Amino acid sequence: MDQRTVRQRISRVTIAASFGFALVQLDVSIVNIALPRIATDLHAGVAGLQWVVDAYTLAFAVLLLSMGFLGDRLGARKVYLAGMLLFALSSILCGFSVDAVMLIVGRMLQGVGAAAMLPCSLALLSHATAHEHALRARAIGWWTAAGSITIAAGPLIGGLLMSVTTWRSIFFVNVPICILGAWLTLRVPETEREVRGKHFDLRGQILAVLALTALTITVIEAKPLGWTHPWVLACIATTLLAVPLFIWQESRCPSPMLPLRFFRAPGFSAAVIYGVIVNLTYYGIVFLLSLYLQRVHGYTALQTGLAYLPLTATFFGVNIFSGWLVGRAGAKLPMVLGALIDAFGFSLFLLLGAQSPYLLMLPAFALLPCGMGLGVPAMTTTVLSAVEKQASGTASGVLNAARQAAGAIGVALFGALAGDSNAWIVRGLHDSAWISVILLLIAAAVAFRGAAARKQTR
């Protein structure tokens, strides 16, 4: 196959994979802009709003590992298309929700569909670029850019939709996007399947669901119910029991959903820790910023979306530059520099108060996408380069399960630091900024010690 044909094939796969990833990331952030109006229409408090966000993220996180396995076993394209269909149907359910419970159930089903799409989109890319290392870094840069742009543009898109219609439109808009994405995916070849004989790790999946769900319930409900409430104590006990049992199960299972051997590969552990910190801090702070802008400053949904515009404008170019840089210099520099830039950006939120002008927020809004845009493509390339091609779906599932679980915990944790009053929202924003700065400095140190300083060889 000549080089031009190879590039064309990789381009088709990159577009199809990026389309699904963009859709998944869009629904992470677009909902944040609608939270105040959802709270009014469906009579939900802060804890209820946390569950609207975390039902999606949590289902996403706990099923990513299994969906990565199924993609490797059944074929990434089949699982990817099935996830896109479920995502479209659950979006319709969310759009017709009549109460908070129905919306939360719909969001959970969206998370299941997203869990099927995300690791399989990376598996499609990994298979298409298996023998083209420089093109792999660039393809991942474009794939990451698509997700980064939509996660940043989500508030703006949501604000525009809500300025002409209701919050329900942010879910209905997913349906035509899914139809187009499915058509694009049908035009790319199916991936190779992993060797037969592996079995689904049901015990591991159950323990992962128990551990992550119980931990999230603990963080969200401890503040309103109190740490000594029987429900909270039961969730703490469940978490403490399920986590070691999960590790024990994965260490002895012949076909684990979380292969512990991955963590012995150079750079893999560093990349996963890095991804956990980036998602925890970013998802948590965006949740709080939506409340800060709309409740403290009185912004409309459209004004809040426009306020996030600097995030969108910066992500794309930095992601592409990072893919180019990783292809030539390795992952260490962009990962370390990205974490340090983000740490500085988060520190600027400490300057904000109840009366702070928007201009004071702009520097942070410009720095955060620069840091994430540099670090995330390098982190993703590190993970895919650390494992064999046939395990790429499972490896990407491990990375993204960890990242999405961290995002759910970030929303729960940072939301718990805030409250319903304006003063508590500002205080929660400051406390969250301090936590984020410390964690991102740790991420920079981890990347410096564990990421590859030169071009990947796989």
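The values are calculated or read from the model by the stated rules, or taken from the named source; none is laboratory data. Just so it is clear, the structure is predicted and the values come from calculations on it, not from any experiment. In this analysis, Cβ positions are derived from the backbone assuming ideal geometry, glycine residues included, and neighbour counts consider all displayed protein chains. Side chains are part of the model used for accessible areas, which takes the heavy atoms of the whole protein and leaves out ligands, DNA and RNA. Shrake-Rupley method; radii C 1.70, N 1.55, O 1.52, S 1.80 Å.
A few comments on the model shown:
- Building the convex hull from the alpha-carbon atoms of the chain and averaging its projection over directions returns 19.6 nm².
- Under the simplified labelling scheme, the ALA366-ARG187 pair shows an inter-label distance of 3.8 nm, with each label point 7 Å from Cα along Cα→Cβ.
- Taking a ≥ b ≥ c as the square roots of the eigenvalues of the Cα gyration tensor, the stretch 77-161 is classed as oblate, since a/c reaches at least 1.5 and a/b does not exceed b/c.
- Per the Cα gyration tensor, the stretch 10-91 maps to an equivalent ellipsoid with semi-axes of 29, 15, 10 Å, ordered largest to smallest.
- When the charge dipole of the stretch 258-391 is built from unit charges on Cβ atoms (+1 for Lys and Arg, -1 for Asp and Glu) and taken about the Cα centre, the candidate among ALA343, TYR274, GLY305 whose Cα reaches farthest toward its positive end is TYR274.
- Highest to lowest packing among 32-42, 348-358, scored as the average C-beta count within 10 Å: 32-42, 348-358
- Over the residues of the chain, the helix contribution to mean residue ellipticity at 222 nm works out to -27500 deg cm²/dmol, using -39500 (n - 2.57) for each DSSP H run of at least 4.
- Between ASP431 and TRP248, the FRET efficiency from the beta-carbon distance, with R0 = 45 Å, is close to 0.80.
- Extended-chain gain in nm, criterion 0.36 nm per residue less alpha-carbon gap, SER255 and TRP231: 5.3 nm
- Kirkwood-type hydrodynamic radius, the stretch 203-298: 15.9 Å, calculated from all non-identical alpha-carbon pairs.
- For the chain, the per residue solvent-accessible surface stands at 38 Å², with DNA, RNA and ligands left out and a 1.4 Å probe.
- Computed lengthening from SER163 to LEU306, 0.36 nm per intervening residue step minus Cα-Cα distance: 50.3 nm
- Packing-based ranking of 233-240, 171-178 yields 171-178, 233-240, ordered from highest to lowest mean Cβ neighbour count within 10 Å.
- The chain - percent of accessible surface contributed by carbon and sulfur, probe 1.4 Å: 71
- Cβ charges +1 (Lys, Arg) and -1 (Asp, Glu), total dipole of the chain, debye: 1340
- Farthest toward positive dipole pole in the chain [+1 Lys/Arg, -1 Asp/Glu at C-beta], among MET67, GLY353, ALA395: ALA395
- Descending principal axes extents, the stretch 249-305, alpha-carbon based, whole Å: 55, 22, 16
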